[in-house]
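Structure record follows, encoded as structure tokens.
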Amino acid sequence: MVAMPELLFSGVKPTSTPHIGNYIGALKQWAEIQHRYQCLFCIVDLHAITVPQDPKEMRERTLEIAAIYLAIGLDPKRCTLFVQSEVHEHAELGWILGTLVKMSELERMTQYKDKAKVKGENVGAGLFNYPSLMAADILLYDTTVVPVGEDQMQHVELTRMLARRFNSTFGETFVEPQSLVQKVGARIMSLQEPTKKMSKSDESASGTIMLTDSPDVIRKKISRAVTDSGTDITYDAIERPAISNLLTIFHHATGKPIKEIEAEYAGKGYADFKKGLAESVVEMLSPIQKKLDEFKSDPGELARILDAGRDAAQEMAAKKMKVVMERVGLGRK
Ligand code: ATP
Ligand code: LTN
């Protein structure tokens with residue numbers, strides 16, 4: 001008997017242009033492992049609206065993310081690329097799972113706590129219930145592997161728990177997924193505040209290198225990156241968070257082990273190190289940017305890929321929802 005390939009699912013929110021944290025923590029890994037799994041990559045626009053978005057800009061960014069998926073090397077012949085809101089089963093299963101999750105479990109989610117802290121009283125209920133929808137994304141497809149940055153591990157854990165809860169309440173229906181997180185680079189920090197993760201919604205644009213930043217902008221942002229006291233270029237995530245973050249980025253941009261980069265810059269100053277780093281990041285991004293321009297200039301092809309992705313995802317999701325509706329007792333037959 002031929003074993004079924006394991007299924008991989010992941011997604012990015014169209015909240016703004018992705019940054020090198022998204023690339024190093026998630027996207028780069030997707031491109032490397034796509035050949036080992038049956039893959040679905042989603043643009044999670046329903047998640048994006050858990051904080052207010054400009055409608056016109058969000059639609060543009062949805063297409064931009066699709067073009068980025070292709071530019072980083074995802075192969076649409078192997079992977080299903082689609083937009084979350086175009087497959088209505090995501091919202092439906094998200095609702096059902098929202099009836100199973102406990103308030104106290106959602107209250108423990110650090111992404112919610114972090115975002116709610118910034119928003120204060122104005123936080124929407126969607127932000128609170130966000131993990132139910134994320135669990136729906138994953139469970140709809142019998143996903144086994146979810147490659148994400150470290151910040152999302154807690155949500156994948158909650159997804160596993162919801163799968164178990166649903167199965168024990170209504171009968172075996174969902175597969176328990178595993179998160180897949182890189183050893184180094186699962187959490188790239190802001191260049192301006194190295195104790196905070198680099199984030200699309202970060203107020204300080206100079207702390208975040210966007211995948212579309214020009215070489216000059218990249219050089220400027222890296223030259224202004226904060227550093228730790230002293231002059232040593234050595235990795236120590238606790239004592240020297242700023243330099244450790246820059247070393248991690250350097251490692252991913254060049255493929256060189258961190259030890260080798262430390263040796264290369266031993267006795268040299270931060271200025272030399274930052275110059276070397278900036279050129280490596282420019283080199284890492286330049287082929288992606290070139291391809292991105294090509295894909296952006298062919299909206300017909302992008303639309304064709306997303307239409308095919310939607311149809312393929314829809315077919316899988318509909319089958320699963322039929323079973324879920326039956327198990328839960330929804331509808332008439
Ligand atoms: P926002 O700031 O709007 O919440 P975000 O930057 O966290 O967005 P997402 O679209 O939510 O971006 O994340 C896409 C993927 O990138 C996820 O797998 C997430 O874990 C990963 N990721 C996000 N930020 C980082 C980071 N700083 N370092 C490593 N991985 C990250
Ligand atoms: N919550 C994730 C984005 C996301 C996701 C998913 C990731 C939504 N649904 C399913 C993996 C699998 C984030 O904030 N980065």
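Among the numbered conditions (1) outside any loop (DSSP other than H, G, I, E, B); (2) within 24 Å of the chain's Cα centre (by Cα), tell me where residue 225 comes up short.
So the condition that residue 225 fails would be (1).
Just the residues that are under 21 Å from residue 215 (Cα atoms) and either of a type in the set (S, T, N, Q) or outside any helix (DSSP H, G or I) (or both), please, taken from the stretch 228-252.
Those that are under 21 Å from residue 215 (Cα atoms) and either of a type in the set (S, T, N, Q) or outside any helix (DSSP H, G or I) (or both): 245, 248.
Is one or more of the residues making up the stretch 69-91 assigned to a helix (DSSP H, G or I), more than 12 Å from ligand 1 (Cβ to nearest atom), among the acidic types (Asp, Glu) and touching a residue at least 12 places away in the same chain (Cβ under 8 Å)?
yes
If a residue has to be over 25 Å from residue 199 (Cα atoms) and among the β-branched types (Val, Ile, Thr) to count, how many in the stretch 90-125 make the cut?
Matching residues across the stretch 90-125 total 3.
Which residues, counting only those in the stretch 317-326, are under 25 Å from residue 75 (Cα atoms) and crowded, with 18+ Cβ neighbours inside 10 Å?
Within the stretch 317-326, 317 is the sole residue that qualifies.
Residue 182 is checked against (1) of a type outside the set (Ser, Thr, Tyr); (2) at pLDDT below 95; (3) within 10 Å of ligand 2 (Cβ to nearest atom) and fails just one. What number does that condition carry?
Unmet condition: (3).
Where residues in the stretch 1-41 are in contact with a Pro (Cβ under 9 Å, 6 or more places away or on another chain) and of a type in the set (Val, Ile, Thr), which of them is nearest to residue 138 (Cα to Cα)?
Across the stretch 1-41, the extreme among qualifying residues is 12.
Identify all residues within the stretch 40-58 that are without any contact (Cβ under 8 Å) to a residue 24 or more places away in the chain and either within 11 Å of ligand 1 (Cβ to nearest atom) or part of a helix (DSSP H, G or I) (or both); write none if there are none.
Result: 55, 56, 57.
Can you spot a residue in the stretch 132-146 that is more than 10 Å from ligand 2 (Cβ to nearest atom), at pLDDT below 90, of a type outside the set (D, E, K, R) and touching a Phe, Trp or Tyr at 6+ places or on another chain (Cβ under 9 Å)?
So far as the stretch 132-146 goes, no, none of its residues is more than 10 Å from ligand 2 (Cβ to nearest atom), at pLDDT below 90, of a type outside the set (D, E, K, R) and touching a Phe, Trp or Tyr at 6+ places or on another chain (Cβ under 9 Å).
Between a residue in the stretch 300-323 that is charged (D, E, K, R) and any residue that is surrounded by 15 or more Cβ atoms within 10 Å (Cβ to Cβ), which pairs come within a Cβ distance under 6 Å, given they are 6 or more apart or on different chains?
Cβ pairs passing all conditions: 310/82; 310/86; 320/140.
Of all the residues that make up the stretch 253-274, how many are assigned to a helix (DSSP H, G or I) and either modelled with pLDDT under 95 or more than 28 Å from the chain's Cα centre (by Cα) (or both)?
Final tally of qualifying residues: 8.
May I ask you to verify whether residue 217 is part of a helix (DSSP H, G or I), within 30 Å of residue 283 (Cα to Cα) and touching a strand residue (DSSP E or B) at 6+ places or on another chain (Cβ under 9 Å)?
Against the criterion (part of a helix (DSSP H, G or I), within 30 Å of residue 283 (Cα to Cα) and touching a strand residue (DSSP E or B) at 6+ places or on another chain (Cβ under 9 Å)), residue 217 qualifies.
Tell me which residues, restricted to the stretch 1-42, are within 13 Å of ligand 2 (Cβ to nearest atom) and either over 24 Å from residue 127 (Cα atoms) or β-branched (Val, Ile, Thr) (or both).
The answer is 7, 8, 12, 15, 29, 30, 39.
So how many residues does the stretch 127-155 have that are near ligand 1 (Cβ under 10 Å from one of its atoms) and β-branched (Val, Ile, Thr)?
2
The values are calculated or read from the model by the stated rules, or taken from the named source; none is laboratory data. Everything quoted here is computed from the prediction, not taken from an experiment. Using ideal geometry, Cβ is built from the backbone for each residue, glycine included, and neighbour counts are taken over all protein chains shown.
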